[in-house]
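Participant: Questions regarding the structure given below will be posed in turn.
What follows draws every value from the coordinates through simple rules; no lab data is involved. Quick caveat, the model's predicted, so the values are computed rather than measured. Every residue, glycine as well, gets a Cβ built from its backbone with ideal geometry; the counts of neighbours run over all protein chains shown.
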Amino acid sequence: MIGFLKEIYYVSWADLRFMRHNFVELLSSSIMGPLLYLLAFGFGLGAGMTQEGVPYIAFIIPGIAALTSLSASFSSTAARLNVQRLYYRSFDEMMMCPLSPSAIVFGKSMLGVVRGMISSSIIFAIGLVLTPELSITPLYVIVILISCFTFSFLGVAAALLAKSHASMATFSSLIVLPMTFLCGTFFSLSNLPSAVQTVLYALPLTHSSITLRAASLGWDFPWISLAALMAFAIAFFLINRHLIRTKKV
Amino acid sequence: MSEIIIVEGVVKKYGDRAAVNGLDLRVNEGEIFGFLGPNGAGKTTTVRVISTLTDYSEGSVSVGGHDILKDPKEAKKLMGVIQQHISLDTDLTVRENMMHHAMMHKIPKSERMRRINELADYVGLDEYMDKMINTLSGGWKKRAATVCSLLHKPKVLFLDEPTVGLDVQARRLLWDIIRKLNDNGTTIFLTSHYIEEVEALCDRVGIINDGKLIALGTPSELCNKLGSTAVEYYGADNKTEYKYFTSREEANEFASSLGDVKTVIIRNTNLEDCFVELTGKSVSGP
């Protein structure tokens, strides 16, 4: 086990050094979008509104924290790995080292996890200042961590499967961007037709939003959504491990 | 002499096209093995297959007695690769790249810096260690990549077109490094476009064409098979022709029998002659 954890550290070391070199730039780019959503939707469109019995600002902050975990974790991992694999080919060097495929998957996802945790924590901390309805709980921390792993694994998968830099952009436009707006981040899914709800429940960000909201607002916790989020994380991890093990990268 | 690389019947296909087509190859421990072939012949694919980077559909490969599919971790410990493209992390410094390689090869913490400093000193990288990779010229990047590939003391070093894009000094330094490593027991597997590089360095040479090994032997064995003496003449039809003979006397006799030719050169047959005759192509192009 210690050997496995060391391998994860060895794999992630370079990415974390990269983050250290570019900390301010990476952090500001991660939180700029979520801050704009907070200003536009929380204070602009949603001023004075309530949603599901709480002020709208308290409703959307867990949603924005969820989408921050998606955007920061996915984009950090996917963009860097995509460049390392297709442009610099430095990912080949890693593949030639005596490392387990599982350690490579975890290690390559760590940059996204760290960046996602820091960025979503900043957004949530702002929320704690803005509204007394929110509270940080152990369950919230667990869910945001699982959420960051889920979307970071998704980023690894997207980068491993991408045939070009353009196909990464296409993936972001067709999968990530719609999730950002539709998965219960800015509004309750109960407002939507049931057929649309069914589709949205098949996306991981929906479960991330629902669980983070329940954990931070003290609502009944939707354990089934947590299980669904974990299932997505495990599925993405297994896909990545298979791609690396069978050298389909 | 034991065989450190054994490739048997390997097939690697991209769609319907076989990049490597039933390749059989054995490389002896301690030798410098040159791997020649025209563009697209399967050289780089072969290196990628042996070094575990690319899967294959048929056959088997073992390195140091370890099957690369059944025991990849042990096989990887024995191999170092200097790729055709410089595959370093350009967002990190030279030292950080080396440290990362040392970590990924699980070199003990107490030894990492010592090995990095030793090798960096040897290739003259000392003053560049804290510079970002993307600020270095191609030659210095190649030196950094060389150090990275040697940190774990591989038993086999693969060099895929290692001197492409290097100036003469950098190329000669790399040749010296290759020779020194080989003197210390490292087996070298070298692919190159430069015939003179292969002739200067390699104990044995394999020539691959259309994914198949078509010739194997020492440079002199390959030349003798073709004929040790070459006659090169520029004829009336404005085309250079080549003929090969087993003795210089036969070559002289043929040369004197030539009628209306502008230039005649009698010389020893070289590896480039073998390459062109066997593949029907020049080294650098189709």
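Participant: To the nearest 10 degrees, how steeply does helix B:248-257 sit against the main Cα axis of chain B, on a 0 to 90 scale?
Facilitator: Between helix and principal axis, roughly 50 degrees.
Participant: Counting DSSP beta bridges with both partners in the stretch B:93-227, what percentage is antiparallel, nearest 5? Mind dumping the intermediate values first?
Facilitator: Numbers: 6 of 11 bridges.
Of the beta bridges lying entirely in the stretch B:93-227, close to 55 percent run antiparallel.
Participant: Further question: How crowded by other chains is A:83-94, given as the mean number of beta carbons from other chains within 10 Å of each beta carbon?
Facilitator: Working: counts 3, 4, 0, 0, 2, 9, 7, 14, 3, 8, 13, 5.
Taking all residues of A:83-94 together, the mean is 6.
Participant: With the Cα gyration tensor of the protein assembly as shown in hand, convert its eigenvalues to equivalent ellipsoid semi-axes via √(5λ) and list them largest first in whole Å. Intermediate results must be reported in sequence, preceding the final value.
Facilitator: Values: eigenvalues 681, 106, 82 Å².
Working from the Cα gyration tensor, I get semi-axes of 58, 23, 20 Å.
Participant: If the only charges are +1 at each Lys and Arg Cβ and -1 at each Asp and Glu Cβ, what is the size of the charge dipole of the stretch B:222-284 around the Cα centre, to the nearest 20 debye? Please report the intermediate quantities before stating the final value.
Facilitator: On the way: 7 positive and 10 negative charges, 33 e Å.
Using Cβ point charges on Lys, Arg, Asp and Glu, the stretch B:222-284 gives about 160 debye.
Participant: Can you list the residues of the stretch A:145-176 with backbone N under 16 Å from a point 7 Å past the Cα of A:ALA202, pointing along Cα to Cβ?
Facilitator: Residues passing the 16 Å test: A:175-176.
Participant: Of A:GLY46, A:THR131, A:LEU111, which is farthest towards the positive pole of the stretch A:1-154's charge dipole, taken about the Cα centre with +1 and -1 on the beta-carbons of Lys, Arg and Asp, Glu respectively?
Facilitator: After comparing all options, I get A:LEU111.
Participant: Can I ask one more? Helix-only estimate, please: 222 nm mean residue ellipticity of the protein assembly as shown, summing -39500 (n - 2.57) across DSSP H runs of length 4 or more and dividing by its residues, to the nearest 500.
Facilitator: Values: 21 runs with 286 residues, N = 535.
Result for the protein assembly as shown: -17000 deg cm²/dmol, rounded to the nearest 500.
Participant: Apply the Karplus parameterisation 6.51 cos²θ - 1.76 cosθ + 1.60, with θ equal to phi minus 60°, to every residue of the stretch B:68-81 and state each ³J(HN,Hα) to the nearest whole Hz, in sequence, with x for glycine and proline.
Facilitator: The phi angles translate into 6, 8, 7, 9, x, 4, 5, 5, 5, 4, 8, 10, x, 9 Hz.
Participant: Among B:150-163, B:246-259, how do they line up from the highest to the lowest mean number of other beta-carbon atoms within 10 Å? Intermediate results must be reported in sequence, preceding the final value.
Facilitator: Numbers: B:150-163: 21.7, B:246-259: 12.8.
The peptides rank, most packed first, as B:150-163, B:246-259.
Participant: Sticking with this structure for a sec: In peptide B:94-103, how many Cβ atoms from other protein chains are near each Cβ within 10 Å, on average? Before the final figure, lay out each step's value.
Facilitator: On the way: counts 0, 0, 6, 4, 0, 4, 10, 5, 1, 9.
Other-chain Cβ atoms within 10 Å of each residue's Cβ, averaged: 4.
Participant: From the backbone phi of the stretch B:2-19, what are the Karplus-calculated ³J(HN,Hα) couplings (6.51 cos²θ - 1.76 cosθ + 1.60, θ = phi - 60°) in whole Hz, Gly and Pro given as x?
Facilitator: 7, 8, 9, 10, 10, 10, 10, x, 6, 10, 10, 10, 10, x, 8, 8, 8, 6
Participant: Please average, across the residues of B:76-86, the number of beta carbons from any other chain that are within 10 Å of each residue's own beta carbon, and give a whole number. Write down the numbers at each step before the final one.
Facilitator: Details: counts 5, 2, 1, 3, 1, 3, 0, 5, 1, 5, 3.
Rounded to a whole number, the mean comes out at 3.
Participant: Please build a GNM for chain B, connecting alpha carbons under 10 Å apart, and tell me which residue among B:GLY15, B:GLY217, B:GLY138 fluctuates the most.
Facilitator: B:GLY15
Participant: Percent relative contact order of chain A, based on C-alpha pairs within less than 8 angstrom and at least six residues apart? Please report the intermediate quantities before stating the final value.
Facilitator: Values: 335 pairs, mean separation 65.1, N = 249.
About 26 percent, as a whole number.
Participant: Further, regarding this structure: Using the Karplus curve 6.51 cos²θ - 1.76 cosθ + 1.60 with θ = phi - 60°, what ³J(HN,Hα) values do you get for each residue of the stretch A:22-29, in whole Hz, with x for Gly and Pro?
Facilitator: 10, 4, 5, 4, 5, 5, 5, 6
Participant: Please get the size of the charge dipole for the stretch B:3-218, origin at its Cα centre, with Cβ charges of +1 on Lys and Arg and -1 on Asp and Glu, quoted in debye to the nearest 20. List each step's numbers first, then the result.
Facilitator: Working: 28 positive and 30 negative charges, 90 e Å.
That gives the stretch B:3-218 a dipole magnitude of about 440 debye.
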